[in-house]
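Single-structure report; data block below.
Just so you know, all these numbers are worked out from the coordinates, no wet-lab data involved. It should be emphasised that the depicted structure is a prediction, and the values quoted were computed from it without experimental measurement. Using ideal geometry, Cβ is built from the backbone for each residue, glycine included, and neighbour counts are taken over all protein chains shown.
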Amino acid sequence: MGSDAHVIVVGGVPALVEGARRRIDDLERRWSRFLPDSEVTELTRRTGTPVAVSEETVLLVERAIEAWRLTGELRSHRAG
């Protein structure tokens, strides 16, 4: 996704670190705009048509839309 991620496990078993690494790798494969077969790339490629994606990607898009709405609303209040 073009970002660094740092995972810190305090007092947990070492397997937690590997589980977190696998989860981050999975989300990278789904969400990276730099990977030709990621879900985000497919959404961009097929703009305007239905695309089957994971629940995680649905949540990502919902959160992005909400952030866009909040940002737009903030701009409207500042302009007025």
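At-a-glance table
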item	result
Cα long-axis angle, helix 15-31 against the chain (0 to 90 degrees, to the nearest 10)	30 degrees
Between helix 55-79 and the chain: long-axis angle, C-alpha atoms, 0 to 90°, nearest 10	40 degrees
With 5 Å bins from 0: P(r) over segment 15-79, alpha-carbon pairs, percent	4, 16, 17, 20, 14, 12, 10, 5, 2, 0, 0
Label point distance in nm, S54-E18, each placed 7 Å from Cα along Cα→Cβ	1.9 nm
Residue-span extension gain [I8 to F34] - 0.36 nm each, minus C-alpha spacing	6.7 nm
Helix-derived mean residue ellipticity, 222 nm - over the chain, DSSP H n ≥ 4, -39500 (n - 2.57), to 500	-20500 deg cm²/dmol
Within a Gaussian network of the chain (alpha carbon springs, distance under 10 Å), most fluctuating of G19, G48, G11	G11
Derived scalar couplings ³J(HN,Hα) [segment 5-11; Karplus, 6.51 cos²θ - 1.76 cosθ + 1.60; whole Hz; x for Gly, Pro]	10, 10, 10, 10, 10, 10, x
